[in-house]
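Student: First the structure, which I've put down as C-alpha cells, then a few questions once you've had a look.
What follows is calculated from the coordinates using simple rules that are stated; it is not laboratory data. Keep in mind the model is a prediction, meaning the values are calculated, not measured. FYI the Cβ positions are ideal-geometry reconstructions off the backbone, even for glycines, and counts take in every protein chain you see.
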Amino acid sequence: MESIRRTKIVDIFKQLEFGSKVDVKGWVRTIRGNKYVNFIHLNDGSTIHNLQIVADAEKFGEEFFKPISTGACIHVQGKLVESQGKGQKAEIQAESIEVYGTADPVTYPLQKKGHSMEFLREIAYLRPRTNTFGAIYRIRHHMAYAIHKYFNDRGFFYFHTPIITASDAEGAGSMFQVTTLDLNNVPRTEDGQVNYSEDFFGSPTNLTVSGQLEGELGAMALGAIYTFGPTFRAENSNTPRHLAEFWMIEPEVAFYDIHDNMDLAEDFLKYLIRYALEHCKDDIEFLNEMFDKELIERLKFVIENDFVRLTYTEGVDILEKSGHKFEFPVYWGADLQSEHERYLVEKHFKRPVILTDYPKEIKSFYMKQNKDGKTVRGMDVLFPKIGEIIGGSEREADYDKLVQRTKELEMNTDPIWWYMETRKFGTAPHAGFGLGFERLVLFVTGMANIRDVIPFPRTPNNAEF
Ligand code: ATP
Ligand code: MN
C-alpha cells in the first residue's frame with residue numbers, strides 16, 4: 001500500500017473526505033464479528049468518538065483477528081466510507097491492519113464493562129484509556145490553555161514562583177519538608193536541635209503551599225501577574241475536595257481593591273466555563289449523559305447569572321437563622337465548612353456566592369484590615385457542589401499595620417523579611433486570589449471526587465504511579 005500519513009480520528013470526523021485513503025492508529029475498544037466481517041471500534045485519544053473499522057474476515061483470515069482484542073494497539077489503512085450503521089457517520093474499510101501491541105484478555109484490566117471509579121483509581125496507569133478519563137483529561141488540558149489565554153489576552157504576565165521555599169509563614173496548611181539530610185543519622189547542634197546548616201539549602205525548606213507571597217513581588221513590578229503551578233499541602237484531610245499535590249492559579253494585581261478582585265474572579269470563572277462549553281462540547285455532553293444529567297444546565301446557569309456578593313457576617317446570619325441542622329456548628333467567628341458554603345449557594349441563594357470581610361482570626365496575616373478592627377478584606381468564591389473554589393483578598397499594603405498583625409500572631413517574620421520590606425519601598429494597594437485548578441475541573445466535568453480529575457492523585461497514604 002502506498003505510504004500515507006497517519007490522521008487523528010478527530011480530524012477524520014472533521015473533514016469526512018469519503019473515498020479517501022486514510023491511515024489511523026489507536027487502541028481497540030471493542031471488537032465483534034462473524035464469519036464474514038469484523039467490526040473494530042478504535043480510539044486514539046484525540047476525541048471521545050471511536051472510529052469503526054470494518055474488516056472482511058475472508059480477506060484477512062479468521063486467525064488474523066485472534067490477537068486483536070480490547071486494549072490492543074493497531075495500525076489500520078483503508079478507505080473512508082459513509083457508515084451504514086447507526087451512531088456513526090463514517091467508517092473505514094480496512095485494507096491492511098498491523099498489530100503494534102496485544103493486550104491479553106485474561107490480564108488486561110479494562111474490559112468493556114463499566115468499572116467503578118474506585119477500581120479505576122487503582123489502575124490509574126490505564127484509566128486514561130477509558131472514555132470517561134479521556135474526556136476529563138482533554139477538558140483539563142483545554143482549561144489550562146484557556147487560563148493562559150485569558151490572562152495573556154488581558155496583559156497579565158505568567159510569573160514563575162518557586163516550588164521549594166524557606167518561608168513557613170503563610171499559614172495556609174501543613175508543609176512537606178524538603179531535605180537531603182540522612183534521616184537515619186541527622187546532624188545535631190550542640191543543644192540537640194537538627195543542624196540545618198548542613199542541609200542542602202543551609203536552612204529548613206518546604207514545598208510551597210502557595211505562590212502568593214512571591215506573586216505579590218511580581219505584581220509590584222509588572223503590574224499584573226499570574227502564577228500557575230503545583231502546590232503542596234500535607235493536611236491529613238481525606239475529603240473529595242482535597243489533594244496533597246494540586247495546581248493553583250494565582251493572579252495578583254497592583255492597584256486593585258477587593259471589588260476589582262471580585263470582578264476579576266467572576267469574569268475569569270465565567271470565561272473558563274464558557275470556553276469549556278464551546279471547546280469541549282463532545283466531552284462535556286458525554287459526561288452529562290453518563291454521570292451528571294444536570295452538568296450542562298449547571299454550567300450554563302453559572303455563566304448566565306450574577307454571583308451574589310455579601311459579607312461573612314451577613315452569611316453567618318443567614319445560616320444561623322436557617323434552622324438547618326449542620327454537622328459543624330455555625331456562629332460568628334467560625335471557619336465555614338463546605339456544608340455551610342454549599343447551603344448558602346445551593347439552598348439559600350441558588351447561585352454562586354462571594355463572601356467577603358471575614359473575621360481576621362480565621363484568615364491570613366496579609367489580608368487588608370478593615371476599620372472595624374475585627375474583619376479583613378478576604379473573599380471566597382463559593383460554588384455549587386464544590387464549596388470554596390477561590391480564596392483571595394485585598395492585601396495589607398501598610399507596613400505598620402502588617403507588622404502589628406504579625407506581632408499579634410507571634411509570627412517569626414525572619415524568613416519573609418523580603419515580603420515585609422515591599423511595604424517600605426513603593427507600596428501600593430493590590431489584590432489577588434487563588435483558584436484551585438482541580439476544583440475548577442471538578443466543577444466543569446461534574447465529577448464527584450477530586451482524585452478523578454488529576455491523572456495521578458497524591459493523597460494521604462497514596463503516592464503510587
Ligand atoms: P479549604 O478551606 O477548602 O481547605 P483553603 O481555604 O485552605 O481551602 P486556600 O489557601 O484559600 O484554600 O487556597 C486557594 C484555593 O486552592 C482554594 O480556594 C481551593 O480552590 C484550592 N485548594 C486549597 N486546598 C486545596 C487542596 N488541598 N486540594 C485541592 N485544592 C485546594
Ligand atoms: Mn481559602
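Student: List the lysines whose Cα sits under 19 Å from the Cα of LYS371, skipping any in the same chain fewer than 8 residues away.
Tutor: Candidates past the 8-residue exclusion: LYS360, LYS363, LYS401, LYS407.
Student: Sorting MET367, MET290 on the 10 Å Cβ count, fewest up front, what's the list?
Tutor: Ordered from fewest to most neighbouring Cβ atoms within 10 Å, MET367, MET290 come out as MET290, MET367.
Student: Sort PHE365, PHE326 by Cβ crowding within 10 Å, fewest neighbours at the top.
Tutor: In order of increasing Cβ crowding within 10 Å: PHE326, PHE365.
Student: At 0.36 nm per residue, and after removing the present C-alpha to C-alpha distance, how many nm does the segment from TYR145 to VAL81 gain when stretched out fully?
Tutor: 19.6 nm
Student: When we measure straight from the Cα of LYS86, which lysines land under 27 angstrom away, once same-chain ones fewer than 8 places off are left out?
Tutor: Excluding near neighbours in sequence, the set is LYS8, LYS14, LYS21, LYS25, LYS35, LYS59, LYS66, LYS112, LYS113, LYS281, LYS293.
Student: Report, in debye and to the nearest 20, how large the dipole of the chain comes out about its Cα centre when Lys and Arg carry +1 and Asp and Glu carry -1 on their Cβ.
Tutor: Charge dipole, the chain, about its Cα centre: 1540 debye, nearest 20.
Student: Using only the Cα atoms of the chain, construct the convex hull and provide its projected area averaged over every direction, in square nanometres to one decimal.
Tutor: Dividing the Cα hull surface by four gives the mean projection, 28.4 nm².
Student: Quick check on packing: order 274-283, 213-222, 351-360 by the mean number of other C-beta atoms within 10 Å, highest mean leading.
Tutor: 351-360, 213-222, 274-283
Student: At 222 nm, what helix-only mean residue ellipticity would the chain give, in deg cm²/dmol to the nearest 500, using -39500 (n - 2.57) for each DSSP H run of four or more?
Tutor: Helices in the chain give a 222 nm mean residue ellipticity of -8500 deg cm²/dmol.
Student: Identify, among HIS41, SER3, PHE13, the residue whose Cα sits farthest towards the positive end of the charge dipole of the stretch 1-45, taking +1 on the Cβ of Lys and Arg and -1 on the Cβ of Asp and Glu, with the dipole about the Cα centre.
Tutor: Positive-end residue among those listed: HIS41.
Student: Which residue, chosen from GLY218, ALA72, ASN206, occupies the Cα position most advanced towards the positive end of the dipole of the chain, where the dipole is computed from +1 (Lys, Arg) and -1 (Asp, Glu) charges on Cβ about the Cα centre?
Tutor: With unit charges placed on the Cβ atoms, the residue in question is ALA72.
Student: Would you mind ranking LEU319, LEU442 by Cβ crowding within 10 Å, fewest neighbours first?
Tutor: Ranking LEU319, LEU442 by Cβ neighbours within 10 Å, fewest first, gives LEU319, LEU442.
Student: Which value, in debye to the nearest 20, gives the size of the charge dipole of the stretch 63-178 about its Cα centre, when Lys and Arg are +1 and Asp and Glu are -1 at the Cβ?
Tutor: 380
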